[in-house]
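Student: Can you read through this structure? Questions will come right after.
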Amino acid sequence: MSDRTNGPTGPVLPEKPRRRGGLYALIAVAAVAVIVAGALVIPRLFTSSDDTAGGERTTVRLGTTDAAQGHWPVLEEILSEEGIDLEVVPFDSYETPNPALADGSIDLNAFQHVDYLSDHNNATGDGLAVVGPTIIVPLPIYSEQYSDVADIPEGGRVAIPQDATNQARALKVLESAGLLELNDATTPTPADVVTSRVQVEPVDASLTAPALQDPSIAAAIVNNTFATDAGIIDKSIYSVDPSDANSWPYINIIASRAGEEDDPVFQKVWEAYHDPRVTEIVVAESSGTARIVEEQPAQVREWLAEIEDEKDAGA
């Protein structure tokens with residue numbers, strides 16, 4: 001979903017455990033997605049963790065918005081050696097992978113960060129769960145016209161993702177960059193902008209990179225998946241450090257339905273994602289913009305519960 005929250009002027013998140021020395025180990029990539037290509041209802045093919053133990057093969061359908069990335073075939077090969085046939089299901093935007101997971105069309109998804117999942121669960125009551133963390137990625141500012149955020153003129157138009165969680169994070173990035181000031185809202189919207197020297201333009205996340213070709217758009221905040229597709233991943237003009245302690249809501253995850261997160265087969269999928277043969281490719285594909293998260297699932301699940309409770313209390 002990915003995609004960062006930093007800066008002394010940003011909202012103060014609740015106190016979190018400080019055991020983060022090993023939270024990030026390598027550099028890697030991420031982001032978030034919507035429509036399963038060509039399919040509306042797909043029969044659930046995940047069989048059972050008992051099948052693998054008995055020597056039979058198990059099929060797991062995993063939905064993602066970056067299905068074209070080169071690390072997926074390697075992950076498939078590694079899991080095949082474990083008796084697991086991973087089928088990567090492509091989505092082209094952020095709104096559909098969670099409903100597809102909830103209705104059983106897929107078994108897992110890997111496209112979103114903790115904050116995005118918390119919004120979905122609070123809105124739907126689906127209770128989708130964290131199998132394990134994968135990566136954390138920055139949510140950079142790009143521009144075809146300016147090489148420094150300080151050069152963006154007064155009133156310049158800046159395109160940002162319009163989905164709630166990435167919009168909130170994008171606004172915090174703009175605040176960190178000194179382009180605007182927010183109130184203390186936990187999940188800010190443009191209505192929470194106190195002062196600004198730019199004009200914020202929320203658009204569908206998939207349109208943020210194309211917006212840069214519009215001469216009237218001074219800059220855009222683009223998720224890593226779409227920045228990679230557009231060939232601009234290494235051309236940002238501003239980026240916040242993803243290892244900052246306030247970035248924990250933006251840890252990307254593999255998600256499952258409630259009660260299935262500890263299934264041994266799903267845990268093998270998560271563990272295989274952290275195989276060096278996979279992470280080395282993820283690093284290369286990200287152009288060094290993001291980090292592999294080494295934190296254990298229990299800690300990330302705790303953070304998910306905290307942010308869901310915080311948002312529920314503020315509703």
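The values are calculated or read from the model by the stated rules, or taken from the named source; none is laboratory data. Predicted model, so just to flag it, every value in this text is computed and none were measured. In this analysis, Cβ positions are derived from the backbone assuming ideal geometry, glycine residues included, and neighbour counts consider all displayed protein chains. In case anyone asks, the SASA skips ligands and DNA or RNA and just uses the protein heavy atoms, side chains included. Shrake-Rupley method; radii C 1.70, N 1.55, O 1.52, S 1.80 Å.
Student: Across 5 Å bins from the origin, how do the percents of Cα pairs in region 178-279 run, short distances first?
Tutor: 2, 9, 13, 15, 20, 15, 10, 8, 6, 2, 0
Student: Run the dipole for region 216-270 about the Cα centre, Lys and Arg Cβ at +1, Asp and Glu Cβ at -1, nothing else charged, and hand back the magnitude in debye, nearest 20.
Tutor: 180
Student: Now a separate question. Check which residues have an amide H placed less than 5 Å from residue 67's amide H, if you skip close sequence neighbours.
Tutor: 91
Student: Among residues other than residue 218 whose Cβ falls under 13 Å from its Cβ, what is the net charge (Lys/Arg +1, Asp/Glu -1)?
Tutor: Around residue 218, the surrounding residues sum to -4.
Student: Based on the Cα coordinates of region 115-262, what is the per residue volume of their convex hull in Å³?
Tutor: 115
Student: At residue 77 and residue 195, where each label point lies 7 Å from the Cα along Cα→Cβ, what is the point-to-point distance in nanometres?
Tutor: 5.6
Student: Per-residue HN-Hα couplings for region 255-261, Karplus 6.51 cos²θ - 1.76 cosθ + 1.60 at θ = phi - 60°, whole Hz, x for Gly and Pro?
Tutor: 10, 9, 6, 4, x, 10, 5
Student: Once amide H atoms are built 1.01 Å from N in the peptide plane, which residues 5 or more positions from residue 84, or in another chain, come under 5 Å H to H?
Tutor: 58
Student: Hey, another quick one. Skipping prolines and chain starts, which residues have an amide H placed within reach, meaning under 5 Å, of the one on residue 182, given they are 5 or more residues away or on another chain?
Tutor: Long-range HN contacts for residue 182: 194.
Student: Tell me, what HN-Hα J-couplings in whole Hz come from the Karplus equation 6.51 cos²θ - 1.76 cosθ + 1.60 at θ = phi - 60° for each residue of region 290-307, using x for Gly and Pro?
Tutor: 9, 10, 6, 9, 9, 4, 6, x, 4, 5, 5, 5, 5, 5, 4, 4, 5, 6
Student: So how much accessible area does residue 203 have, in Å² to the nearest 10, using a 1.4 Å probe?
Tutor: Taking all protein chains as shown, residue 203 has close to 40 Å².
Student: Rounded to the nearest percent, how much of the accessible area of region 66-209 (1.4 Å probe, protein heavy atoms only) is carbon and sulfur?
Tutor: Carbon and sulfur atoms account for 46 percent of the accessible area of region 66-209.
Student: Could I have the simple spin-label model distance between residue 103 and residue 275, label points 7 Å from Cα toward Cβ, reported in nm to one decimal?
Tutor: Roughly 3.3 nm, to one decimal.
Student: Mind listing the phi-derived Karplus ³J(HN,Hα) values for region 273-281, rounded to whole Hz, using 6.51, -1.76 and 1.60 with θ = phi - 60°, and x for any glycine or proline?
Tutor: With the stated coefficients, region 273-281 comes to 4, 8, 4, x, 5, 7, 5, 4, 6 Hz.
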